[in-house]
Amino acid sequence: MTAVRVLVGTHKGAFILTSDGKRESWDVEGPLFGGWEIYHMKGSPADPNRLYASQSMGWFGQVVQRSDDGGKTWTPVGNKFDYDGVAGTHQWYDGTPHPWEFARVWHFEPSLADPDTVYAGVEDAALFRTTDGGQNWEELSGLRKQDSGPHWQPGAGGLCLHTIIQDPSDTARMYVAISAAGAFRTDDGAKTWKPINKGLHSAQLPDPDAEVGHCVHHVAMHPDKPGVLYMQKHWDVMRSDDAGDSWHEVSGDLPTDFGFVIDVHAHEPETIYVVPIKSDSEHYVPDGKLRVFRSRTGGGEWEPLTKGLPQTGCYHNVLRDAMAVDSLDPCGVYFGTSGGQVYASNNAGDSWTAIAADLPKVLSVEVQSLP
Amino acid sequence: MIRVALPAHLRNLAGVGHEVELDVAEPVTLGAVLDALEASYPTLRGTIRDQVTKQRRPFIRFFANEADISHDGPDAALPAAVLGGTEPLMVIGAMAGG
């Protein structure tokens, strides 16, 4: 019997939603770590009972929680994120140099092969790794120390490394994305990195085609086509067919191409999902309608998915890590809103059901498909 | 024996009650008490002060015997009432919000 576990991080705690393979009836457990911001929670592909959660709070800083039993019990593990060597500076909002300072973990990406190895994307933007189940973290400083690092400047949400993608066909290749620096790729196991932002155009930059400085909101990849990347940028939905070496816009007929989330269907590498947001200052869905847009053509042509979603008076946002897909058939799609709803579709987006409502603001959604 | 009172979130994290009691070697300073606290409860490392610089987190305050000693520095001696165990060193999550 298959099952699904949805890991929801919110502004005031974590929730775990479970269902059988039909995905019609849901049990909701939580809040876990009540009162703390749970920026992200994710399970290991190599051991689905191994979970990691980023727990933080303005008063008490960063805590890392680990579960070895699928979220029944949790243990705090290492929370020391010490930048490698002399940390140096990046650009502050006013253009002056500013020391690198750790604020929080935005994203955990467990290794595809080893449950004890996890990558962490943090603010101020850097990539860390543990190889002992979270007890100790080391910075993979080749990213931050490549040429453009001192010139990175935070976006409104902070200088955060929020996206980490491992190439399942090449263990030495990995992608990260940083707001507001852009996307980067390593081909040598995180020793060296290069910006991969050619083709991005951001009118908010003095040089709209600059090599770095683009506010990339999220990047997604299908494991069967690891050279194809999809990006939701500040404005513009983008696609790369050459592992990020170049990008072209696939916003097509979307009502607005601003947004945060983007994800790919589990079984159809050319089927992608976004949730358009009205604008960079109006962080809510346009026209009071909560609509997921699906493209079955890898972008360019989009259809609104509305069945089961509020179509009047809705002014929620969907944050960058708050959409995920399961690997069942039909593919399940899940997303959480700033209004505290978690919506699920058990038919690839054709219809939706609120599987949790009235939670705190949803920061992240991840899904595990269980045997 | 030094008594340390913790805020609710840190009590939950450390799995303790309202107060903990610590043996602290002389001289009993604020820094020495925090060292002893983190040694006894490693999950509190980084939640009260930075793990590298040892600086107090911005929204943490230390109260003792009805005085705010947050700015006294790690080498400052604690009040006699705390040293004598009649008053706890209070770790406080500062009022922050609107």
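The values are calculated or read from the model by the stated rules, or taken from the named source; none is laboratory data. Just so you know, these numbers come straight off a predicted model, no measurement behind them. Neighbour counts are summed over all protein chains in view; Cβ atoms, including those assigned to glycine, are modelled from backbone coordinates with ideal geometry.
So which residues in the range B:27-54 are at pLDDT below 95 and surrounded by fewer than 16 Cβ atoms within 10 Å (Cβ to Cβ), if there are any at all?
B:Pro27, B:Val52, B:Thr53, B:Lys54, listed by residue number.
Taking the range B:1-20 only, how many residues are out of contact with any Ser or Thr (no Cβ under 9 Å at 6 or more places or on another chain), free of Cβ contacts under 8 Å to residues at least 60 places away in the same chain and away from chain A (no Cβ under 12 Å)?
The total comes to 3.
Of (1) modelled with pLDDT of 95 or more; (2) within 14 Å of another protein chain (Cβ to nearest Cβ); (3) within 13 Å of the chain's Cα centre (by Cα); (4) in a loop (DSSP other than H, G, I, E, B), B:Val24 satisfies all except one. Which?
The failed condition is (2).
Which condition number does A:Val176 fail, the rest of (1) over 21 Å from the mean Cα position of the chain (by Cα); (2) under 21 Å from A:Val118 (Cβ atoms) being met?
(1)
Name the one entry in A:Asp358, A:Asp287, A:Asp280 that is over 21 Å from the mean Cα position of the chain (by Cα), among the acidic types (Asp, Glu) and part of a loop (DSSP other than H, G, I, E, B).
Result: A:Asp358 is the single residue among A:Asp358, A:Asp287, A:Asp280 that is over 21 Å from the mean Cα position of the chain (by Cα), among the acidic types (Asp, Glu) and part of a loop (DSSP other than H, G, I, E, B).
Going through the range A:268-296 one residue at a time, which ones are of a type in the set (D, E, K, R), buried (at least 17 other Cβ atoms within 10 Å of the Cβ), free of Cβ contacts under 8 Å to residues at least 40 places away in the same chain and under 21 Å from A:Asp326 (Cα atoms)?
The one that is of a type in the set (D, E, K, R), buried (at least 17 other Cβ atoms within 10 Å of the Cβ), free of Cβ contacts under 8 Å to residues at least 40 places away in the same chain and under 21 Å from A:Asp326 (Cα atoms): A:Arg291.
Conditions tested, residue by residue: (1) more than 28 Å from A:Ile164 (Cβ to Cβ); (2) in contact with a helix residue (DSSP H, G or I) (Cβ under 6 Å, 6 or more places away or on another chain); (3) not basic (Lys, Arg).
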residue	(1), (2), (3)
A:Pro255	yes, yes, yes
A:Val264	no, no, yes
A:Ile272	no, no, yes
A:Tyr284	no, no, yes
A:Lys289	yes, no, no
A:Arg296	no, no, no
A:Lys307	yes, no, no
A:Asp321	no, no, yes
A:Asp326	no, no, yes
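Pairs needed: first member in the range A:1-27, more than 17 Å from A:Val64 (Cα to Cα) and acidic (Asp, Glu); second member anywhere, at pLDDT below 95 and not in a strand (DSSP E or B); C-beta distance under 9 Å; at least 6 residues apart or different chains.
From residues that are more than 17 Å from A:Val64 (Cα to Cα) and acidic (Asp, Glu), the pairs are A:Asp20/A:Met1; A:Asp20/A:Thr2.
Could you say whether any residue in the range A:64-76 is without any contact (Cβ under 8 Å) to a residue 12 or more places away in the chain and more than 14 Å from every other protein chain (Cβ to nearest Cβ)?
So far as the range A:64-76 goes, yes, one or more of its residues are without any contact (Cβ under 8 Å) to a residue 12 or more places away in the chain and more than 14 Å from every other protein chain (Cβ to nearest Cβ).
Please specify each residue of the range A:77-89 satisfying the condition of being more than 12 Å from every other protein chain (Cβ to nearest Cβ) and without any contact (Cβ under 8 Å) to a residue 24 or more places away in the chain.
A:Val86
Considering only the range A:38-63, state which residues are within 14 Å of another protein chain (Cβ to nearest Cβ), farther than 16 Å from B:Gly46 by Cα and surrounded by fewer than 22 Cβ atoms within 10 Å (Cβ to Cβ).
Passing the criteria: none in range.
Tell me, which residue of the range A:90-100 that is buried (at least 16 other Cβ atoms within 10 Å of the Cβ) and more than 17 Å from B:Gln51 (Cα to Cα) is farthest from the other protein chains (Cβ to nearest Cβ)?
Filtering first and then ranking leaves A:Gln91.
Quick check on my filter: what residues within the range B:35-75 are of a type in the set (A, V, I, L, M) and either more than 10 Å from chain A (Cβ to nearest Cβ) or assigned to a loop (DSSP other than H, G, I, E, B) (or both)?
The answer is B:Ala36, B:Leu37, B:Ala39, B:Ile48, B:Val52, B:Ala64, B:Ala67, B:Ile69.
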